[in-house]
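A short write-up of the structure that comes next.
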Amino acid sequence: MFNQNSRHRIFLMLVVLGQISFVPIVIFGLTSLVETGWTEGSPYLLFRWDLIPWICLTGVFYGMISLILAVSMSGWMPSSIALRGGWLASTGIRGRSRDPRRVDRASTELSMSPFGQLATITSRQRDRFELIFVHGGLQTLAIPIQAILIALPILAIEYLPSSMFKEGATLELVSLVYLASLWVGMRLQVAYSDKLVVPATYMRRFLGRTAQLSWVLPVIVYWFVARTILGFLLSAMGIDLTDQTIEFDILILEEILPMDQNESGTPLVDLIVAMGVLPIATFTTISVLAGGYDIPEWMDPTRMVGNIRDGMLPERSEEEFIQGD
């Protein structure tokens, strides 16, 4: 009933859901659920079962933020929306739906966006490799960008002159550096992925088909490794962020979940690592998912001859264009 790539598309839909729910819950649970220390000269291990509701809601909260960032920063747009002139025209907020000029502008933006380009890269390899292996290869290629997204905010906190930002404005500084890095990083990822997708996919396929079953494990393992390495590097560089927390989640979630919350907030280091890993992983997955379907030829610049968008719309009379849809 379903061919191999159809099953993989369904599988990737589940991956997206897992990356914005299960993965962040596990990530925050690894650092918040278990509490260790020393008391009266003896070590102790305490499981904070009371924090489970807080961990779950916080994980989903940051997972949704990751999805919003992945969608907005990558230029996500279904081709059907582009053929109606973009989001504003298709919803009637601004301009006429199917206005040729708006259609040409929207379709150009889609084809040149990180989302459109990565979907096109996937589409080119779809007949050569199974979709799940293309996804694994592209996720591997995303690791350098994820590492940069983790490092830059911390370096900004430590080395930017204090005169450039107000005291207590750590969240604003981290957010500014992070968003700029994410915007640039997605475009860099697409640029080198176009050249390296084939060897990366071969490597992913070489690792074995059984790895399909552990679809969330690579993201969780990479987060854990990155968090561990980062801890050693920060210690070696003499940077101490252990006492810095972000209480943004408390301000939002305490109204949703009225209970005794983790009043210390989310550790800054854990938040930076999670937000460095999750949006890029989600962006890669939604792009591969789109590339698993038949994409219009105009999304692939290598197939374009002139401005082929002139023939994308049905002919309409001048009166119909004036009246709009």
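Figures for the structure shown
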| quantity | calculated |
| --- | --- |
| Only one of P301, P258, P267 that is at pLDDT below 80 and not assigned by TED's automatic domain parsing to the domain that holds I148 | P301 |
| Check on D99, more than 21 Å from M275 (Cα to Cα), surrounded by 15 or more Cβ atoms within 10 Å (Cβ to Cβ) and of a type in the set (D, E) | yes |
| S90 outside the structural domain of L17 (by TED's automatic domain parsing), among the small types (G, A, S) and surrounded by 15 or more Cβ atoms within 10 Å (Cβ to Cβ) | yes |
| When residues of region 115-166 are limited to those that are among the charged types (D, E, K, R) and part of a helix (DSSP H, G or I), the one modelled with the highest pLDDT | R124 |
| Selected residue [over 22 Å from V273 (Cα atoms), in the same structural domain as D270 (by TED's automatic domain parsing) and assigned to a helix (DSSP H, G or I)] from M13, M64 | M13 |
| Residue in region 103-115 that is under 23 Å from Y192 (Cβ atoms), of a type in the set (S, T, N, Q) and crowded, with 20+ Cβ neighbours inside 10 Å present | yes |
| Which listed residue, of S80, S97, is among the hydroxyl-bearing types (S, T, Y) and outside any helix (DSSP H, G or I) | S97 |
| Scan of region 67-77 for residues that are part of a helix (DSSP H, G or I) and more than 20 Å from G18 (Cβ to Cβ), ordered by number | S72, M73 |
| Test for V190: is it in contact with a Leu (Cβ under 9 Å, 6 or more places away or on another chain), over 16 Å from F283 (Cα atoms), modelled with pLDDT of 85 or more and in a helix (DSSP H, G or I) | no |
| Test: G59 is closer than 26 Å to Q189 by Cβ, in contact with a Gly (Cβ under 8 Å, 6 or more places away or on another chain) and either in the same structural domain as Y222 (by TED's automatic domain parsing) or modelled with pLDDT of 85 or more (or both) | yes |
| Pairs, first in contact (Cβ under 8 Å) with a residue 24 or more places away in the chain in region 134-154, second among the basic types (K, R), C-beta under 6 Å, six or more apart | G136/R204; G137/R204 |
| Residue that is nearest to the chain's Cα centre (by Cα), among those in region 19-71 that are surrounded by fewer than 19 Cβ atoms within 10 Å (Cβ to Cβ) and of a type in the set (S, T, Y) | S21 |
| A211 surrounded by 15 or more Cβ atoms within 10 Å (Cβ to Cβ), among the aliphatic types (A, V, I, L, M), more than 17 Å from L30 (Cα to Cα) and modelled with pLDDT under 55 | yes |
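The values are calculated or read from the model by the stated rules, or taken from the named source; none is laboratory data. Note that this is a predicted model, so its numbers are computed, not measured. Don't worry about glycine lacking a Cβ; one is built from the backbone with ideal geometry, like all the others, and counts go over all protein chains shown.
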